[in-house]
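Let me begin by presenting the structure, written as structure tokens, before commenting on it.
The values are calculated or read from the model by the stated rules, or taken from the named source; none is laboratory data. On a predicted model such as this, the values are computed, not experimentally measured, just so you know. Note: ideal-geometry Cβ built from the backbone for every residue, glycine included; neighbour counts use all protein chains shown. When the accessible area is computed, the model is the full protein with side chains, heavy atoms only, and any ligands, DNA or RNA have been set aside. Shrake-Rupley method; radii C 1.70, N 1.55, O 1.52, S 1.80 Å.
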Amino acid sequence: MPEPFKVLTSQTVVLPQKSIDTDQIIPARFLTTTTREGLGKSAFYDWRYKADGKPLAGVELNTVDAESHRVLVAGDNFACGSSREHAPWALLDYGFRAVVSTTIADIFTSNALKNGLLPIQVDKETHEKLLARPGAEVTIDLENNELRFGNHVVGFKVEPFARRCLLEGVDNLGWMVDRIVAVETFERENGLESA
Amino acid sequence: MSPNEPRTTPKTLFDKVWESRIVTPETSDAPGLLYVDLHLIHEVTSPQAFAEIESRGLKVRRPDRTFGTLDHSTPTLPPNAQGLRPYVTKQAESQVETLERNCAKHGITLAGWDSDDRGIVHVMAPELGLTQPGQVVVCGDSHTATHGAFGAIAFGIGTSEVGHVLATQCLLQRKPKRMRVTVDGNLRPGVSAKDMALAIIAEIGFGGGSGYALEYAGEAVRGLDMEGRMTLCNMSIEAGARCGMVAPDAKTVEWVRGRKYAPKGEAFEQAAERWLSLKTDDGALFDKEVRLDGSKIAPMATWGTTPDAGAAVGAPAPAPRNENDQRALSYMGFAANEPTTGHPVDVVFIGSCTNGRMTDMRAAANIMRGRRVKDGVRVLVVPGSVAVQRAAEAEGLDKVFTAAGAEWRLPGCSMCIAMNGDMVQPGQLAVSTSNRNFEGRQGKGARTVLVSPATAAATAIAGHIADPRAYAEEVAHA
Ligand code: SF4
């Protein structure tokens with residue numbers, strides 16, 4: 001079950017490229033894992049390391065203090081491509097708790113929310129301001145659906161159920177299991193029972 | 001109001017299937033519970049889901065509606081003399097073993113190493129008749145939309161959701177918006193479903209389908225065979241749409257008839273009648289409509305690093321509209337306003353869940369028959385399933401490929417995702433029938449051009465991106 005998310009104040013890391021796909025976030029060759037843990041070191045691997053595995057110089061992701069930089073600001077159309085949940089796992093394990101962009105892919109959004117990583121879509125103007133200020137301190141206030149930085153305050157929307165799950169620590173699967181009687185009835189009424 | 005106005009609101013195909021599978025409706029506070037008819041699983045996106053449900057003491061609720069296969073991490077070279085398979089890493093092998101163990105433990109049928117049913121999940125499930133019209137089909141894999149070719153609602157899910165389906169046979173969902181993509185007219189000879197898909201994605205844009213379920217309609221779509229419809233639906237996610245579907249028709253019914261898990265006898269006839277009723281009502285409203293002229297589509301090849309960066313083979317790459325286009329062109333080593341056909345190609349890959357079916361193998365073989373692969377080009381042909389492999393070998397297609405100088409491999413995802421060791425080397429230019437041309441998708445530093453099987457085969461022969469119509473005799477004479 002993900003950690004609850006209420007209010008987060010942290011600095012940003014900016015990756016301005018558009019259409020950063022989940023193959024960039026976590027390249028396929030790291031997907032042979034059978035656990036969720038430990039993917040942070042391979043996040044954005046091909047952007048961070050040389051062919052011999054040594055870190056590339058001048059790459060912020062290799063030098064930044066992940067503890068104090070928990071918000072990723074990314075270019076438009078973030079996390080498109082593969083449905084791999086390894087992408088939010090890798091971002092969380094690296095240290096991020098929120099991602100801000102103008103558009104964020106559907107499957108990624110759903111996967112991220114289930115793991116306590118908050119995807120936030122903002123308007124173009126806000127996005128441009130954030131892109132222009134790497135390392136800015138931002139506050140993400142899920143209780144009030146507000147993103148604040150400098151003297152800016154912008155609202156954002158999160159699917160209400162996912163929001164409640166994050167704020168109150170409601171567990172998706174547990175909630176579904178509580179409704180299993182409705183599933184049984186549906187199967188009976190539609191001839192979908194086991195043979 | 002006219003007296004003839006229908007009593008019920010006209011509905012889309014998507015609405016009809018969706019509504020039939022709602023267990024509890026969505027409200028402003030909570031998503032609905034959507035019932036899943038068929039849950040497909042593979043080794044990469046399932047281990048953590050099994051671990052999650054087991055840690056809660058939950059069982060797989062409907063093993064009979066769950067079906068597994070091995071495809072992503074599996075080597076495509078045969079076992080050695082000791083019977084050991086050449087896995088790329090120990091971890092890849094242990095991932096396969098984990099799925100074998102999980103399926104055995106939970107009573108799930110697995111098309112494993114020894115099964116004739118094994119194949120890429122989106123190739124084998126339709127072949128087995130597991131995929132049927134009117135179903136909700138899900139898999140922890142973004143190309144699950146493939147199954148929409150049968151008039152099913154089919155979409156990719158994450159691993160947490162794989163756990164939800166294993167434990168409850170349901171998903172928490174809100175209904176997406178609907179978009180209809182109509183392709184009028186007829187495709188010209190030498191132009192395939194893949195070219196149509198790339199043309200549609202170029203039109204909608206890479207993120208343009210985000211939040212929508214697509215329905216493909218129009219004469220050119222109806223004119224496609226089932227394999228072509230699968231190729232088309234397969235690439236819906238490359239426009240950002242999680243799901244794409246085609247209404248069932250006589251072709252659909254005949255394709256499913258007689259397959260291993262399809263209903264039999266009278267039950268089939270009854271099912272077929274129901275399947276044929278699944279179509280969008282006249283006057284049903286879509287949130288968005290897109291229209292293309294099928295007769296204007298040419299063989300396509302991508303010039304950039306997103307699947308929407310497609311242009312007709314031989315047409316110049318566009319002038320960059322922004323920094324991203326610039327970055328994509330320079331990554332690919334292509335120049336603006338120049339055709340991409342002038343560059344020597346290092347690798348050609350024919351396979352994947354997009355183009356790893358029998359019709360794809362035939363399209364490629366027809367061009368390679370009696371010809372030689374250009375010196376220095378590595379060509380890998382990987383059938384999508386054991387069934388495709390066997391059928392191709394029965395027709396002698398494997399011999400056509402190997403005689404031309406290509407490698408004929410065992411079924412699997414292979415170089416589409418490059419996690420089994422079949423990789424493009426850094427900097428190499430690869431022309432591929434797969435579905436993603438992202439930076440490094442086929443190996444670190446790999447440069448990928450997406451094309452149809454015929455174009456891939458023509459490229460293998462020419463040594464540079466080539467229009468297949470120059471190689472197909474029927475067309476040359478036309
Ligand atoms: S062939 Fe490629 S896209 Fe299809 S399921 Fe395998 S890895 Fe995914």
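Quick look at the values:
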quantity: Directionally averaged projected area (convex hull, Cα atoms, the range B:325-428), nm²; calculated: 7.5
quantity: Peptide A:101-114, shielding by other chains (average Cβ, 10 Å cutoff); calculated: 5
quantity: Per-pair calculated FRET efficiency, R0 = 41 Å: A:Lys50 and B:Lys399 via Cβ, rounded to 0.05; calculated: 0.45
quantity: Part-to-part distance (alpha-carbon centres) for the range B:417-477 and the range B:212-288, which is given in Å; calculated: 28
quantity: Among the listed pairs A:Lys114/B:Lys260; B:Lys11/B:Lys194; A:Lys18/A:Lys129; B:Lys251/B:Lys279; A:Lys41/B:Lys90; B:Lys194/B:Lys260, those beyond 26 Å (Cα-Cα); calculated: A:Lys114/B:Lys260; B:Lys11/B:Lys194; B:Lys194/B:Lys260
quantity: Chains A and B, summed buried accessible surface - 1.4 Å probe, Å², nearest 100; calculated: 4800
quantity: Rounded accessible area of B:Phe401 (nearest 10 Å², 1.4 Å probe); calculated: 0
quantity: Inter-probe distance in nm under a simple model that places probes 7 Å from Cα toward Cβ, at B:Leu276 and A:Leu8; calculated: 5.4
quantity: Rounded, prolate or oblate (a/c below 1.5 giving rounded, otherwise prolate when a/b exceeds b/c) for the range B:39-102 by Cα gyration tensor; calculated: prolate
quantity: Bridge type composition, chain A - antiparallel percent by DSSP, nearest 5; calculated: 50
quantity: Sulfur and carbon atoms: percent of accessible area, the range B:299-477 [1.4 Å]; calculated: 50
quantity: Cβ-derived FRET efficiency at R0 25 Å, A:Arg188 paired with B:Arg259, nearest 0.05; calculated: 0.35
quantity: Under Karplus coefficients 6.51, -1.76 and 1.60, residue-wise ³J(HN,Hα) of the range A:12-26 in Hz, glycine/proline x; calculated: 9, 10, 10, 10, x, 4, 7, 6, 6, 8, 5, 5, 6, 4, 8
quantity: Burial ranking of peptide ranges A:15-25, B:328-338 (average Cβ count within 10 Å, highest at the top); calculated: A:15-25, B:328-338
quantity: Radius of gyration, Dmax [the range A:7-169; alpha carbons; angstrom]; calculated: 15.0, 46
quantity: Against the rule of thumb 2.2 N^0.38 Å, how large the Cα Rg of chain B comes out; calculated: 0.95
quantity: Gyration tensor (alpha-carbon) shape descriptor, the range A:86-195, a/c threshold 1.5; calculated: prolate
quantity: Residue-averaged [θ]222 nm for the protein assembly as shown, counting only DSSP H segments that reach four residues, each worth -39500 (n - 2.57); calculated: -8500 deg cm²/dmol
quantity: Average beta-carbon neighbours from other chains, 10 Å sphere, peptide A:22-30; calculated: 6
quantity: Over the range A:7-169, relative contact order from alpha-carbon pairs under 8 Å, at least 6 apart, %; calculated: 27
quantity: Those residues of the range A:1-38 whose amide nitrogen sits under 15 Å from the label point placed on A:Thr139, 7 Å along Cα→Cβ; calculated: A:6-11
quantity: Centre separation in Å (Cα based) which lies between the range B:110-136 and the range B:344-376; calculated: 24
quantity: Protection-proxy order for peptides B:184-191, A:58-65, each taking the mean of Cβ atoms within 10 Å per residue, highest first; calculated: B:184-191, A:58-65
quantity: Residue-span extension gain [B:Arg372 to B:Asn186] - 0.36 nm each, minus C-alpha spacing; calculated: 63.8 nm
quantity: Distance (nanometres) between label positions extended 7 Å along Cα→Cβ at B:Thr9 and A:Val153; calculated: 3.7
quantity: Sequence-distant aspartates and glutamates (8 or more away, or on other chains) whose Cα lies within less than 16 Å of B:Lys374; calculated: B:Asp346, B:Glu407, B:Asp467
quantity: FRET efficiency, B:Arg327 to A:Glu125 (Cβ-Cβ, R0 25 Å, nearest 0.05); calculated: 0.60
quantity: With all protein chains modelled, accessible area of B:Lys279 [1.4 Å, Å²]; calculated: 110
quantity: Heavy atoms of B:His42 accessible to a 1.4 Å probe, total area in Å² rounded to 10; calculated: 0
quantity: Number of partner chain Cβ atoms within 10 Å, mean per residue of B:431-439; calculated: 3
quantity: Contact order normalised by residue count of the range B:203-279, Cα under 8 Å, 6+ apart, percent; calculated: 32
quantity: Spacing of the two label points (7 Å from each Cα toward its C-beta) at A:Arg179 and A:Leu167, in nm; calculated: 1.9
quantity: Extension gain from B:Leu77 to B:Asp116, taking 0.36 nm per residue of separation minus the Cα-Cα distance; calculated: 12.4 nm
quantity: DSSP bridge orientation in chain B - percent antiparallel, rounded to nearest 5; calculated: 20
quantity: Largest-first ellipsoid semi-axes for the protein assembly as shown, taking √(5λ) over the Cα gyration tensor eigenvalues, angstrom; calculated: 35, 32, 26
quantity: Extension gain (nm, one decimal) between B:Lys177 and B:Arg101, 0.36 nm per residue minus Cα-Cα; calculated: 23.4 nm
quantity: Percentage relative contact order, chain B, counting C-alpha pairs under 8 Å, at least six apart; calculated: 17
quantity: For the range A:1-82: rounded, prolate or oblate by the Cα gyration tensor [a/c cutoff 1.5]; calculated: rounded
